[in-house]
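No lab work stands behind these numbers, since they all come straight from the coordinates. Just so you know, these numbers come straight off a predicted model, no measurement behind them. Note that each Cβ is placed from the backbone with ideal geometry, even for glycine, and that neighbours are counted across all protein chains shown.
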Amino acid sequence: MGVELGIIEGFFGRPYSWEERAGMVRALAPAGYGFYLYAPKADAYLRRRWREPHPSEEMAALAQFAGVCRGAGVRFGVGLSPYELFLDFDGAAKDALGEKLAAFDALGLDDLGVFFDDMKGDLPDLAARQVEIVHWIAERSAASRLIVAPSYYTDDPVLDRVFGARPDGYLDDLGAGLDPAIQIMWTGEEVCSREYSPGHLARVAGILRRKPFLWDNYPVNDGPRMSLRLHLRAFTGRPAAIGDHLAGHAVNTASQAVLSRVPCLTLAESYRAGEAYGYAAAFRAAAIEVLGADFAHAVETNLGWLQDVGLGGFDDARREALRTRFAAFDHPAAREIIDWLGGGYAITGEELQTQ
């Protein structure tokens, strides 16, 4: 395939169940998905309450999931977002962080993500502070791979508007300061990039002094606007040639775990087929594999309503017609569509502020 594929559960809103995570690992491992990073924004013990230990039942579930990953030959990882740690990396913070790392090590962690994304970052010495934290973690974590998400993980100026203007030379300083063995994540020219080119990725690699580890925000559909749509179509804009310019390719999946398998399978096919890739045929084959032929046909014929128009664009009559159509299928993905039609996956701006 040329590049390591994997899943990052890194979205806002309702996280997956443990059964859904296990199902995704088992379904996608045969297609070449070799790692799973557990990092839902809704897990407060990874983010705003990171200083507190996870409840024992959650740690037990994580340990069991780690076993599922190992059984499927998939690397197990956790993404820790130590919220605003770089504002005060003192003795108390180090003690709490050390305890968190020890708990993760007990799980048999393969990958540890240190994520500084989606928090205020307009500090002149931000890169130096983060380098210090990451190297401190690297000396204490037993994970065999460390992956950092920068505060400014894209060229997209939306981050500067929301989290403050990025410090001058931030990415260059971060790349120069971090040990070359540590991976750095990147979402592309936008937060949700439409496409990636070898030229763009080569430029970013020069800044970071290493190949970027891609955090691909498709088919993710969190947020007040995106949660109104189901991202089901096949991957496009990811030519196989980008694989040579990447350290890894992580897919941030949609809130619907089973439906997400459809586009994920098409990405694997895109890398496999190279220039022979056809996105429509890839979608059809993946949908049949995940959903079965009849259900796949129903989804394909309604893609315009599900992905393009979305919940805000049709009336109650259309909503009921879609509900009736998909209720005919006894399948977990059909239940995801019905739940979505009823607003079960809607995300408010308030949720984004509190997760």
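Some points to look at:
- Candidate cross-link partners of Lys120 among the lysines, defined by an alpha-carbon separation under 19 Å and a same-chain spacing of 8 or more, comprise Lys41.
- Cβ-derived FRET efficiency at R0 22 Å, Lys120 paired with Phe89, nearest 0.05: 0.90
- Size of the chain as Cα extents on the principal axes (Å, biggest first): 58, 46, 41
- Column: log10 I(q)/I(0), Debye, Cα scatterers of segment 251-354, q = 0.15, 0.21 Å⁻¹: -0.69, -1.16
- Highest-MSF residue in the chain out of Ala276, Ala127, Ala333 [GNM, Cα springs under 10 Å]: Ala276
- Calculated [222 nm] ellipticity per residue, helices only, for the chain: -12500 deg cm²/dmol; basis is -39500 (n - 2.57) per DSSP H run with n ≥ 4, divided by all residues, nearest 500.
- Counting only residues at least eight positions apart within a chain, or on another chain, the aspartates and glutamates with an alpha carbon under 12 Å from that of Lys94 are Glu132.
- Selection from Ile7, Gly292, Gly349, by position along the positive dipole direction of the chain (Cβ): Gly292
- Sum of side-chain charges, Lys120 neighbourhood, beta-carbon under 12 Å (Lys, Arg +1; Asp, Glu -1): -4
- Mean separation of Cα contacts under 8 Å, 6 or more apart, over the residue count of the chain: relative contact order %: 18 percent
- The distance from the alpha carbon centre of segment 41-75 to that of segment 161-203 is 27 Å, rounded to a whole number.
- Between segment 264-303 and segment 76-108, the Cα center-to-center distance that results, in Å: 40 Å
- C-alpha long axis of helix 18-28 to longest principal axis of the chain, angle in °: 80 degrees
- Computed from Cα positions, the angle between helix 257-273 and the longest principal axis of the chain comes to roughly 80 degrees.
- Ignoring aspartates and glutamates fewer than eight residues from Lys211 along the same chain, the ones with Cα atoms less than 14 angstrom from its Cα are Glu4, Asp172, Asp179, Asp244.
- Legend: translational diffusion of segment 179-313 by Stokes-Einstein, Rh = Kirkwood radius over C-alpha pairs, 10 °C, 1.306 mPa s; D = 101 µm²/s.
- Relative to the longest principal axis of the Cα atoms of the chain, the long axis of helix 279-291 makes an angle of roughly 80 degrees.
- Percent of Cα-Cα distances greater than 12 Å, calculated over segment 71-125: 72 percent
- When the charge dipole of the chain is built from unit charges on Cβ atoms (+1 for Lys and Arg, -1 for Asp and Glu) and taken about the Cα centre, the candidate among Gly34, Tyr271, Leu214 whose Cα reaches farthest toward its positive end is Tyr271.
- Which of Arg272, Arg21 has the fewest Cβ neighbours within 10 Å, and the rest in rising order: Arg272, Arg21
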